[in-house]
Amino acid sequence: MPFDTLTELLAALEKRGELRRVSVPVDPHLEITEIADRVSKAPTRSGQYPSAVAPFDARAPRHSTPAINQALLFEKVIGSDVPLAINIFGSAERLQLALGCENFEALAEKISELTQPVVPGTMMGKIKKGIDLLKLSSLGPRVVGGAAPCQQVVKTDDANLFDLPIIQCWPNDGGRYITMAQIVTKHPETNVRNLGMYRVQVFDRKLTAMHWHMHHDGARHFRAWAKAGRPCPLAITLGGESVLPYAATAPLPPGIDEHVFAGFLMGRAIELVPCKTIPLEVPANCEIVIEGFVDPEKTILEGPFGDHTGFYSLADQYPVFNVTAITHRKNPIYPTTIVGKPPQEDYYFGKATERIFLPLLKILIPDIIDYELPMFGVFHNCAFIKIQKQYPYHARKVMHAVWGAGQMAWTKMIVVVDEHVDVHDLDDVLFHLAANVDPRRDTVITEGPLDILDHAAPAMGAGSKLGIDATRKWPGEGTVRQWPEEIAMDSATVARVTGRWREYGF
Ligand SMILES: [Mn+2]
């Protein structure tokens, strides 16, 4: 089962040896990042690296500082009385614990059941209908009265963001950022709530920027408020039910309240309470809630920010957020994260989404058996796709289908392999890519939309795409030579040797 509060999640992690407390004073300016970065790239207690291939630094560590990949609780952050938790979700095991699932595939199955009763339509249409059904059930969020844990302390005039241990992540960042925030907004006309995870740069005691991209639901809500000339009420929520951070990042279709999805993951409704100074409701179990309004007119220069691409995003103008209140538990814990070169916590959020969306992607493109968004591709740069080839140029058909499928459409490079290749094993994919590809014959270069964070794209969010057909080539695919058979041991011999292994004296 997932956990009701951040404290309960941290206690469960500690019990499993998955949490390390740091009791010496630590600087929120860069020092926490450097510690968390080393720890997130270390092997887990079971000696596992997060990918079939050890992360960038692991095989030749830059540092002789042994570490285990654990969640970290900094008890004394310089300049604040509030302890800070980081790397909470920084392994598959820890994220699965937080989501209350054995593995991401089990969760995928649970979610695809949700979309079953709804026959055709788009992938997003299915999810939306499925979640609409949930809303009618007991899993939709429930507004409750009474004293809420997240409002045990209420500060309005004396609210001060600098009371919180907000970190500066990387040396050339524009300043300090709140990074693990579930941000609540509401559409002014439909009243549909949204939960999103956007970074928040802090400029003053009660002043931040609100960084969201055009297509984010929070930005759409803001534009609707701004069109009416009204400030957009917004709550930055931290902590709460252990499924909330992931739910805030899940790519659900617009018009869906992620609290419904969170309730589905919890197996119970998320209880919300009215905010103190703005017309919004927030999860009662949160650690900290920052209330305020986004100014419909004013902007501020936000950034740069060391991003999940492994590069700094450039500074740009973003709306201003004015804080009206900070409410929190009596002894709150401040959750945060860093992004940068993978793996960081967002890699595991992405991995969960990759697994959860496989059944839905298969509905849209039945040719796909499995896929992998490799760590080095930071979500949108690269996808490995496994198919069971049925006809010449089948791989090309699948590439074009992927470039037309929901958020997968941003994918820059696609490698398609045959069904016997393990798409989760980088070496296996690269072996077949190197061996099976004639560069001129087997590559496709086309144009389309790209991730707006892709700094290599000739225009922002638009550029070229590369498809590589690494399947074995059939007659009719431009090869006149006979394709050789790939070496593999027969399964009977494999089983016999496995069965006799000890007899050999190993
Ligand atoms: Mn949304």
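Does His215 satisfy the criteria of being farther than 30 Å from Lys341 by Cβ, surrounded by fewer than 22 Cβ atoms within 10 Å (Cβ to Cβ) and within 11 Å of the ligand (Cβ to nearest atom)? Walk me through it before giving the result.
Values: farther than 30 Å from Lys341 by Cβ: no; surrounded by fewer than 22 Cβ atoms within 10 Å (Cβ to Cβ): yes; within 11 Å of the ligand (Cβ to nearest atom): yes.
It is false that His215 is farther than 30 Å from Lys341 by Cβ, surrounded by fewer than 22 Cβ atoms within 10 Å (Cβ to Cβ) and within 11 Å of the ligand (Cβ to nearest atom).
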ask   = Do the conditions hold for Asp163, that is, is it among the charged types (D, E, K, R) and within 16 Å of the ligand (Cβ to nearest atom)?
value = no
Long-range neighbours under 7 Å by Cβ, at least six apart or interchain, first residue touching a residue at least 12 places away in the same chain (Cβ under 8 Å) within the range 192-211, second away from the ligand (no atom under 15 Å from the Cβ) and among the charged types (D, E, K, R) = Gln201/Glu302; Val202/Arg176; Ala209/Glu302; His211/Arg199; His211/Glu302
message = Restricting to the range 239-249, and then to whatever is among the small types (Gly, Ala, Ser) and outside any helix (DSSP H, G or I), can you tell me which residue is nearest to the chain's Cα centre (by Cα)?
response = Ser242
query = Name the helices (runs of 4 or more DSSP H) wholly within the range 388-506 that hold at least 3 residues that are within 23 Å of Gly310 (Cβ to Cβ)?
reply = 426-436
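Met180 - would you say it is assigned by TED's automatic domain parsing to the domain that holds Leu30, within 16 Å of the ligand (Cβ to nearest atom) and modelled with pLDDT of 95 or more? Lay out the reasoning, then the answer.
On the way: assigned by TED's automatic domain parsing to the domain that holds Leu30: yes; within 16 Å of the ligand (Cβ to nearest atom): no; modelled with pLDDT of 95 or more: yes.
Criteria not met by Met180.
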request  = Kindly provide the set of residues from the range 191-205 that are more than 19 Å from Met460 (Cβ to Cβ), buried (at least 20 other Cβ atoms within 10 Å of the Cβ) and more than 14 Å from the ligand (Cβ to nearest atom), ordered by number.
outcome  = Val200, Gln201, Val202
remark   = Across (1) out of contact with any helix residue (DSSP H, G or I) (no Cβ under 6 Å at 6 or more places or on another chain); (2) of a type outside the set (Ser, Thr, Tyr); (3) in contact (Cβ under 8 Å) with a residue 60 or more places away in the chain, Gly406 clears everything bar (1)
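Name the residue that is farthest from Tyr348 (Cα to Cα), counting only residues in the range 1-48 that are touching a Pro at 6+ places or on another chain (Cβ under 7 Å) and surrounded by 17 or more Cβ atoms within 10 Å (Cβ to Cβ). Write out each step before concluding.
At the first step, the residues of the range 1-48 found to be touching a Pro at 6+ places or on another chain (Cβ under 7 Å) are 6, 28, 30, 40-41.
Filter again for surrounded by 17 or more Cβ atoms within 10 Å (Cβ to Cβ), leaving 6, 28, 40-41.
On the way: Leu6: 18, Pro28: 24, Ser40: 11, Lys41: 13 Å.
Filtering first and then ranking leaves Pro28.
What is the residue count in the range 187-224 for residues that are within 22 Å of the chain's Cα centre (by Cα) and of a type outside the set (Val, Ile, Thr)?
The total comes to 21.
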note = Log entry, pairs with first residue in the range 432-451 being surrounded by 12 or more Cβ atoms within 10 Å (Cβ to Cβ), second being assigned to a helix (DSSP H, G or I), beta carbons closer than 7 Å, six or more apart or on different chains, reads Val444/Arg396; Val444/Met399; Gly448/Ala409; Pro449/Ala409; Pro449/Trp410; Leu450/Trp410; Asp451/Trp410
inquiry  = If Pro171 meets every condition in (1) crowded, with 20+ Cβ neighbours inside 10 Å; (2) more than 16 Å from the ligand (Cβ to nearest atom); (3) not in a strand (DSSP E or B) apart from one, which number is that one?
reply    = (1)
Hey, Ala247 farther than 22 Å from Leu97 by Cα, crowded, with 21+ Cβ neighbours inside 10 Å and either within 11 Å of the ligand (Cβ to nearest atom) or not charged (D, E, K, R) (or both) or not = no
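Condition check ((1) of a type in the set (Gly, Ala, Ser); (2) closer than 30 Å to Pro392 by Cβ) across all residues:
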| position | (1), (2) |
| --- | --- |
| His455 | no, no |
| Gly461 | yes, no |
| Leu466 | no, yes |
| Asp469 | no, yes |
| Trp474 | no, yes |
| Thr479 | no, yes |
| Pro484 | no, yes |
| Ala488 | yes, yes |
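Each row is one residue, and each column tells you yes or no for (1) modelled with pLDDT of 95 or more; (2) acidic (Asp, Glu); (3) not in a helix (DSSP H, G or I); (4) not assigned by TED's automatic domain parsing to the domain that holds Tyr177.
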{"residue": "Leu13", "(1), (2), (3), (4)": "yes, no, no, no"}
{"residue": "Glu34", "(1), (2), (3), (4)": "yes, yes, no, no"}
{"residue": "Arg38", "(1), (2), (3), (4)": "no, no, no, no"}
{"residue": "Gln48", "(1), (2), (3), (4)": "no, no, yes, no"}
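Which of the residues spanning the range 358-376 are outside any loop (DSSP other than H, G, I, E, B) and either modelled with pLDDT under 95 or aliphatic (A, V, I, L, M) (or both)?
Result: Leu358, Pro359, Leu360, Leu361, Lys362, Ile363, Leu364, Ile368, Ile369, Met375, Phe376.
The values are calculated or read from the model by the stated rules, or taken from the named source; none is laboratory data. Just so it is clear, the model here is predicted, and its values are computed rather than measured. All Cβ positions, even for glycine, are placed from backbone atoms using ideal geometry, and neighbour counts span all protein chains on display.
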